[in-house]
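The values are calculated or read from the model by the stated rules, or taken from the named source; none is laboratory data. Note that this is a predicted model, so its numbers are computed, not measured. Neighbour counts run over all protein chains shown; Cβ positions are idealised from the backbone, glycine included. Remember, those area values only see protein heavy atoms, side chains included, never the ligands or the DNA or RNA. Shrake-Rupley method; radii C 1.70, N 1.55, O 1.52, S 1.80 Å.
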Amino acid sequence: MPGKWDWLKDELSGLSMLTKLPTMTKFLKGKISGPADMTKCSMCPNMCRHACPISIVDGKETTSPAGKSRIGMMIENDVLSLNQENLFPIYMCLSCGCCENWCPFNFSVSEILRPIKKRAIEKTIIYEEFADLFDDLRQKGTIYGEIEDEKNFSESGDVLYLRGCEFREEASEVIDKTMAVLDKVGSDPFVLSDEECCGIPAYNAGNIGLFKKLSETMSKKISETGAEKVVTSCPSCAYAYKELYPKFDQNIDAEISHIVEFLEKKEVKLDIEAVQDQFTYHEPCKLVNGLGKKDSMRNLLERSGLKVKKPRRHGEETFCCGSGGTTVPRLNEELSSEIAQERIQELKKLSDDIITSCPTCKQTFESLDEGVQVHDVAEIFDRFL
Amino acid sequence: MGLKEAMKRKDTGMVDKVIDKLSKSFEDDRISTRDTDLISYSHDYWPISLHWMLEDKFPSLPNAVIWPQNKEEVKEIVKWCYKGDVPIYPYGGGSGVLGAAVPERGGIVVDLKKMRSLDIDGDNLLVKAESGLNGYYLESRLNDEGYTMGNIPQSLYPSTVGGWVGTKATGQFSTKYGGIEEMLKGIEMVVPPGKILKLKPHPRTSTGPDLRELFVGAEGTMGIMTKGWFKIWPHPENRIKLSFISERLEDAVESVRKIMRRGAKPAVIRIYDKTETKRHFYEYEEIYNKIATVIIIEGDEEITEAERSIVEEEFVGEYKGEEPVDHWLETRFNVKEASEFVPMGVVFDTIEVAVNWSKAEGLYHNVIEAIKPIKGVLFASAHASHFYPQGICFYFTFAGAPPRKKDPESFYQQVWSEAMKAVLESGGTISHHHGVGRQRKDWLKEELGEGLEMLKKIKEKVDKKNIMNPGNLGL
């Protein structure tokens, strides 16, 4: 079979050495050393614009995926200074990974731009909106600082359930229900009473030093439990433990699953005749794109016997709730809220009962005052199992 | 010109006053003079402007960028800019390849992407869309409701409806569905000095010259489109995929000419010359070094089966099944070349032109022969991708490395100049669907003759102060 570049070799073969040599050299050099991913992304006409919630809702070239890379390239080239104003568009990223699905190079814009955020943090160019977050993570180990009045759960068993900052602070009832579901499917769940944040908010904001510290802490704590199975409610936590920690030399031996992945493996049937077609669902971007579970949530619900209404944007085209990636809701609440509105209105056309599997998505939609009921997948399983 | 120099503008008195005026009505995040925004709108996807970006040059920096949310706001922008003689550049997806959206004289860029509502009217087979609506968003919404507009340019993902109309765009499925000019049934424009003009989406109207045509392909020089009504179709129930290989380009071209004469209208027909067949279908050994043709027929089952028969009867070539068509469908949005080659100093571009059947073969060879001998050119190739009973569109691609002592821009212009000369001498039109922009304006005189004078007179009447995208189309 001919190779990818054979056609070019054929074309060049008819040319004089004088013409082709400089280009061949450039071409080979380019193939070996670059161009840098950020430059490549900058040279794209935004072939993922349609998938980027920021780009669709904000509608600005500056915050489009390639637009952000272009700003990044200008900062790298010292055309633009590394300051908060110039960094702002770079932080307008939900880290949803939708761009990656459409990129011929499989680039994730949030990953491409992370070194610039890291450099900014290292040079203490830090938005005040991040300062409290970093302090809470550094000093208390959660994004909410000290979490008070927490219920006690078993601290030994065969499945370690990591509750995540969001449910611990904002929706402890989901924790109860997740523990109950894990129990119902035959596990003996337990928690880490001194659980800390997985670190992904720090990672999203570019504070790689803080992320490393948290990853070391949590990696050690998880390993010390001796658990062979770990379940999370938050897909970003699962993504951090499974995908990010190994990149920073933090390897956890246990099998890590998001609750959807965990339940998908169980043959569970729900008793739900009365509520068929009542619910629609919202797939969190970190589950779909981060963990690569493109259809897991729908599969889980349907295989369990629950017929759900499929939203227009689903699977790999799922649309972020607007609060993903840590930085946008903190720096641009209005944009975050516009994106959330775009999604909730789409879901509301199908049902006011929405199933999701991410604490952030749940909190975001509930806070919109749109009269919707947002259920974590564990709440549904607890109710109908 | 570097950023700091570009920022040191001469007299910006009136521009600043207009920006101040507009700042009173637009919130902070919808009007900007921030460096990051000005840089982001200093270019579109014109290869020359990509080189500027890589070389940290900013010859076309706007003074401000503004994001209106409705037609009344667009009206206000045009009104104030007209009063202050401030240039306006409407901006859609920025995927135009000829510099039509480059703010060459400074002024205000009006990005319409916050105007993105749509309304599907299935009974009348119409869709109403605001000009900033994303192309993919529109088509996927239509598909979900059981319709298609059939406008699928390679820029579907980044481009906007307003950009399609502004550049007189056409898509990969145009042989069946037509270009945007055939889809546009009604239009709403804001024209200088700040008036709203609406042409309703009648099925047909005999009420004097068709004013819609004044705005299709005007590339922002006649006003700002705020809304359009487009015809749509029920989503095709049947799709037939066919591919062929031929020994000679002429055989494939002649086959398609006969198919079109018989009234068949496949949605997609693409004929690749040998170089492009090798480039796009290298994984298919049997196809390599041949002339590949991929065809998609879609629509009503009975009609498509009849069209299939016509294609099979007329095509001179060996049938190669569905796989090459699937390969094309899977890879048709892989826009990688600029990312891979431009940063390495390679000058790369495409030139699309159209010509009547009787001159097609001559034009193809003349253009290839005009480009290839230019010092530094590495290859020149083409495919034919849009067909009419009267003729064909050829889409040429070239790449080269500027020879020593020649800068990329002069090399690029030399190739363009030779190609345009060859097209005109061969009896073709200098553009099929990318438009004119700033790149092709110098050849418009030869293309339009007295028509250009007429166009200038119309422009003078519509936009006396020449604030609407001044310099574009040579106006």
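If the condition is being under 15 Å from residue B:190 (Cα atoms), more than 14 Å from every other protein chain (Cβ to nearest Cβ) and open to solvent by 10 Å² or more (accessible area, probe 1.4 Å), then region B:87-120 contributes only B:87. All of (1) of a type outside the set (S, T, N, Q); (2) part of a helix (DSSP H, G or I); (3) open to solvent by 40 Å² or more (accessible area, probe 1.4 Å) hold for residue A:114 with one exception: (3).
Counting only helices (runs of 4 or more DSSP H) that sit completely within region B:256-364, those holding 1 or more residues that are within 14 Å of chain A (Cβ to nearest Cβ) and within 24 Å of residue A:8 (Cα to Cα) correspond to B:274-280, B:323-331, B:337-341.
Looking only at residues of region A:122-139 that are among the hydrophobic types (A, V, I, L, M, F, W, C) and part of a helix (DSSP H, G or I), we find that the one that is surrounded by the fewest Cβ atoms within 10 Å (Cβ to Cβ) is A:131. Got at least one residue in region B:50-70 being away from chain A (no Cβ under 12 Å) and part of a helix (DSSP H, G or I)? For region B:50-70, residues away from chain A (no Cβ under 12 Å) and part of a helix (DSSP H, G or I): absent.
The residues in region A:144-181 that are open to solvent by less than 30 Å² (accessible area, probe 1.4 Å) and within 23 Å of the chain's Cα centre (by Cα) can be counted, and the count is 13. Residue count for region A:80-107, restricted to those that are within 12 Å of chain B (Cβ to nearest Cβ) and either of a type in the set (Gly, Ala, Ser) or under 12 Å from residue A:327 (Cα atoms) (or both): 7.
For residue B:353, indicate whether it is touching a residue at least 40 places away in the same chain (Cβ under 8 Å) and surrounded by 21 or more Cβ atoms within 10 Å (Cβ to Cβ). So residue B:353 passes the test. In region B:149-240, counting only strands (runs of 3 or more DSSP E) that sit wholly within it, the ones holding 3 or more residues that are open to solvent by less than 10 Å² (accessible area, probe 1.4 Å) span B:184-191, B:224-231.
Within region A:182-215, the set of residues being open to solvent by 20 Å² or more (accessible area, probe 1.4 Å) and hydrophobic (A, V, I, L, M, F, W, C) comprises just one member, A:185. Within region B:388-414, the set of residues being aliphatic (A, V, I, L, M) and either surrounded by fewer than 23 Cβ atoms within 10 Å (Cβ to Cβ) or assigned to a strand (DSSP E or B) (or both) comprises B:392, B:399. Annotation note: of B:102, B:97, B:109, the sole residue that is in contact (Cβ under 8 Å) with a residue 12 or more places away in the chain and not in a loop (DSSP other than H, G, I, E, B) is B:109.
For region B:365-387, taking the residues that are facing another protein chain (nearest Cβ under 10 Å) and open to solvent by 20 Å² or more (accessible area, probe 1.4 Å), the one that is nearest to residue B:174 (Cα to Cα) is identified as B:372. When B:337, B:361 are screened for being open to solvent by 10 Å² or more (accessible area, probe 1.4 Å), acidic (Asp, Glu), closer than 27 Å to residue B:429 by Cα and at pLDDT below 95, only B:337 passes.
Residues in region B:451-472 that are part of a helix (DSSP H, G or I) and in contact (Cβ under 8 Å) with a residue 60 or more places away in the chain were compared, and the one that is surrounded by the most Cβ atoms within 10 Å (Cβ to Cβ) is B:472.
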